[in-house]
Amino acid sequence: MKKAILLPLIALSTIFALTALEVNQSEIQSVSSESIQFENYTGPHKTVDTLEAIRAIGTGLGKPVSRSVSTSATFNLNGKYSVIHAVDSTTKEKLDADILIIGSDAAVDHIKNLRQIIASYLTAAYGYSEKDAATIATFVTVYNAVYRGRMQVFTERYKTVVTDNLTQSKCGLSTKWNEWPGQSQIVIPLSDLSGGLSTVDTSTISDREVIDSMREEDDRGIDDRKEMVELKEREAEEAEKKAETAQQKADEAQKKADEAQKKADTARSTAEEKKQQASQNPTDSTKQKEAEEAQKKADEAQKEADQAQEEADKAQEEADEAQDKADQKNEEAAQEREDIAQDQKEVIERTTAASATPQQTTVIGLTSTSGTYSQMVKVDAANGRLVKGSPVTVIRGKTILPAGNVNITDASGKTVSSAAYMAVCGSASGSGTVKLCLLDSDNMEIQAESSETLADNSVLVQNGSDYYCVILSGDSYVIGKYNASLKLQKSSTVAVSPETPITVTQKGLVVTAPNGVPVLLNVADLSQVKQN
């Protein structure tokens with residue numbers, strides 16, 4: 001089954017003109033080296049929306065920001081998502097920021113979807129390409145997860161206009177999807193309001209601690225890191241051009257300053273001559289006046305020369321800063337490419353060693369993820385070690401049942417057959433819902449879902465090739481009989497309690513009516529077996 005990207009559809013706000021703004025990626029980089037593992041909701045959803053609908057959320061927030069890059073403002077999208085554009089041009093100390101807020105009614109529950117929102121926001125607000133925005137969004141989420149709740153860090157690094165809008169319990173991003181709505185303040189550091197490719201300071205979002213976190217992943221985060229290096233190299237090229245232009249301006253400014261100083265020196269020399277002539281002719285009022293005027297011109301010329309030199313020094317400082325930035329980007333990109341090459345070598349060696357190792361025998365089971373939910377896991381039968389865990393962590397009823405086979409696509413792109421397991425999956429909160437699901441035994445992902453919604457606490461019982469559970473029918477609940485492909489075969493003619501047990505007997509199914517009375521159902525058509 002082709003997987004859909006899930007999120008509630010949000011209406012777009014009015015379209016505004018694009019403007020570029022710089023985000024401080026250097027700040028994003030200074031984070032903990034702990035590995036960040038996001039826990040996503042991977043169960044059934046009430047609605048399935050398109051990728052365009054998800055991106056529309058970020059676009060709707062980014063468009064109004066694009067026309068107000070120099071002014072602080074708050075923009076809201078249907079009360080579910082908002083952004084605080086917090087900037088203060090009166091001070092260069094510390095950082096400006098955008099604060100993306102996930103409202104309590106928002107339904108985003110997967111990190112991929114959240115990154116889509118952030119990426120489309122960066123594109124709409126600051127003109128990033130989709131590719132670059134996606135790279136930055138990945139680092140932004142990791143950064144905010146590492147600094148989650150660390151208000152002191154935000155206070156030390158961000159301007160008051162930013163921290164006045166943050167609270168310790170909400171700042172940053174939780175790694176758990178069910179803690180995102182109403183409890184998230186995602187901070188995107190801003191540095192240069194003039195815009196350009198370096199809107200986000202990549203030196204910050206890819207520092208050693210962030211990279212170390214990514215290296216904890218099985219693939220060492222190599223693909224994302226490569227994208228960041230490529231972005232830095234393009235930044236370096238642009239920085240070199242800016243540095244060259246800035247140096248030309250600095251040289252021109254210095255030339256003007258030198259010429260101004262030469263004029264000032266000439267004026268001062270003339271003033272000295274006039275003063276000497278005046279001192280030799282104290283009674284000559286003309287000589288005295290000439291000396292005063294000459295000194296006045298000399299003072300004005302020196303003032304102009306000093307101002308010109310000040311401008312030249314400032315221009316040279318800007319040129320030096322531009323060159324330092326270019327040098328920094330080049331050095332970082334070169335070092336990271338070396339690190340990536342080493343990590344690639346280790347991954348290849350590990351993969352080669354694994355392929356040479358005899359195929360292990362594994363067993364499928366469940367492990368508890370909370371009081372309500374379980375997760376499907378693959379365990380090495382030889383030593384009992386965990387081999388792999390399913391991305392689906394919302395299996396209910398602590399039950400999985402074998403259900404034949406399903407076709408899946410393996411790592412090489414081939415269609416293969418995999419043993420299937422049936423389970424009651426999902427969460428009734430947010431955009432989630434509870435349905436009957438089929439999970440494959442290889443990737444342990446959901447491959448099919450029932451069309452019907454199940455009771456939150458429905459049991460799942462097997463009788464031969466039939467599977468029974470409690471499904472919603474109108475305003476009541478009934479027993480549903482399914483085949484191994486999750487096709488509903490029959491539903492009971494009588495209502496049952498949503499939490500009823502289902503007991504298979506030789507005479508039928510024993511279930512519980514809403515009033516608590518036991519009811520016997522015919523196995524074949526689920527009609528009630530009447531008492532004589």
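What ranking do 305-315, 276-286 get when scored by the average of other Cβ atoms within 10 Å per residue, highest first? Walk me through the numbers on the way to the answer.
Details: 305-315: 16.6, 276-286: 11.6.
Going by the mean number of other Cβ atoms within 10 Å, highest first, we get 305-315, 276-286.
Treating each Cα of the chain as an identical point scatterer and summing with the Debye formula, the log10 of I(q)/I(0) at q = 0.05 Å⁻¹ comes to -0.34.
Projected onto their three principal axes, the Cα atoms of segment 236-365 cover extents of 116, 28, 19 Å, largest first. Computed over the Cα atoms of segment 64-142, the ratio of the radius of gyration to the Kirkwood radius (Rg/Rh) comes to 0.97.
In this view, the solvent-accessible surface of residue 150, computed with a 1.4 Å probe and all protein chains in place, comes to about 100 Å². Rg of the Cα atoms in segment 40-108, relative to 2.2 N^0.38 Å, amounts to 1.37.
At a probe radius of 1.4 angstrom, the accessible area of the chain per residue rounds to 50 square angstrom.
Over the chain, calculate the relative contact order: mean separation of alpha carbon pairs under 8 Å at least 6 apart, over the residue count, as a percent.
Working: 1151 pairs, mean separation 66.7, N = 532.
The normalised contact order for the chain reaches 13 percent.
Can you give the percent of C-alpha pairs in segment 489-531 whose distance is more than 13 Å? Percentage above 13 Å: 48.
How long is the gain from residue 241 to residue 273 if the chain were fully straight, where each residue apart is worth 0.36 nm and the alpha carbon distance is subtracted? Could the numbers behind the result be given before it?
Working: separation 32, 0.36 × 32 = 11.52 nm, distance 4.82 nm.
Gain on extension, residue 241 to residue 273, equals 6.7 nm.
Please work out the FRET efficiency for the pair residue 410 and residue 130, using the Cβ-Cβ distance as r and a Förster radius of 30 Å; give the result to the nearest 0.05. Numbers along the way, then the final one.
On the way: r = 29 Å, r/R0 = 0.95.
Efficiency for this residue pair is about 0.55.
Over all orientations, segment 190-252 has a Cα convex hull whose mean projected area works out to 5.1 square nanometres. Within segment 291-416, what whole-number % of the accessible surface is contributed by carbon and sulfur, with the 1.4 Å probe and all protein chains included in the calculation? Answer for segment 291-416 is 48 percent, counting heavy atoms of protein chains only. Summing charges over neighbours of residue 378, with a neighbour being any other residue whose Cβ is under 14 Å away from its Cβ, gives -2 when K and R count +1 and D and E count -1.
Among 417-430, 75-88, how do they line up by average Cβ neighbours within 10 Å per residue, starting with the highest?
So the peptides 417-430, 75-88, ranked by packing, come out 417-430, 75-88.
Helix 285-356 and the longest principal axis of the Cα set of the chain meet at an angle near 30°.
First obtain the Kirkwood hydrodynamic radius of segment 243-283 from its Cα pairs, then insert it into the Stokes-Einstein equation at 25 °C and 0.890 mPa s, and state the resulting D in µm² per second as a whole number. Stokes-Einstein gives a translational diffusion coefficient of 197 µm²/s.
Under the Kirkwood approximation applied to all pairs of distinct alpha-carbon atoms, what is the hydrodynamic radius of segment 379-430 in Å? This gives a value of 13.5 Å. With a Förster radius of 60 Å applied to the C-beta separation of residue 313 and residue 52, the computed FRET efficiency comes to 0.70.
Counting only heavy atoms of the protein chains and using a 1.4 Å probe, residue 361 has close to 90 Å² of accessible surface.
Put simply, the amide H of residue 193, placed in the peptide plane, has neighbours under 5 Å in 22, leaving out anything fewer than 5 places away on its chain.
Based on the Kirkwood radius over alpha-carbon pairs, what value in µm²/s does the Stokes-Einstein equation return for the translational diffusion coefficient of segment 322-456 at 25 °C and 0.890 mPa s? Working shown, then result.
Numbers: Rh = 18.1 Å.
In µm²/s, the coefficient is 136.
Based on alpha carbons, the Rg and Dmax found for segment 146-279 are 26.4, 89 Å. Surface composition of segment 160-213: carbon and sulfur atoms hold 39% of the protein heavy-atom accessible area at a 1.4 Å probe. Shape class of segment 149-197 from the alpha-carbon gyration tensor: oblate, with a/c at 1.5 or above and b/c at least as large as a/b. Per residue of the chain, the DSSP helices (runs of n ≥ 4 H) give a summed -39500 (n - 2.57) that works out to -13500 deg cm²/dmol at 222 nm. Each label was represented as a point 7 Å from its Cα along the Cα-to-Cβ direction; for residue 285 and residue 306 these points are 3.3 nm apart.
Round to the nearest 10 and give me the degree value, 0 to 90, for the angle of helix 130-146's Cα axis relative to the longest principal axis of the chain. Helix 130-146 and the main axis of the chain meet at about 80 degrees. Distant-in-sequence amide contacts of residue 393, defined by a placed amide H-H separation under 5 Å and a gap of 5 or more residues or a different chain, comprise 42.
Taking 4.7 Å between beta carbons as the limit, the unpaired Cys residues of the chain are 171, 469. Value of Rg to Rh for segment 84-201, rounded to two decimals, is 0.95; Kirkwood radius and Rg both from alpha-carbon coordinates.
Both numbers refer to the Cα atoms of segment 113-171; Rg and Dmax are 12.9, 33 Å.
The values are calculated or read from the model by the stated rules, or taken from the named source; none is laboratory data. Keep in mind that what you see is a predicted model, and the values were worked out from it rather than measured. Cβ coordinates were reconstructed from backbone atoms using ideal geometry, including for glycine residues, and neighbour counts include every protein chain displayed. Just the protein is used for accessible areas: all its heavy atoms, side chains included, with ligands, DNA and RNA removed. Shrake-Rupley method; radii C 1.70, N 1.55, O 1.52, S 1.80 Å.
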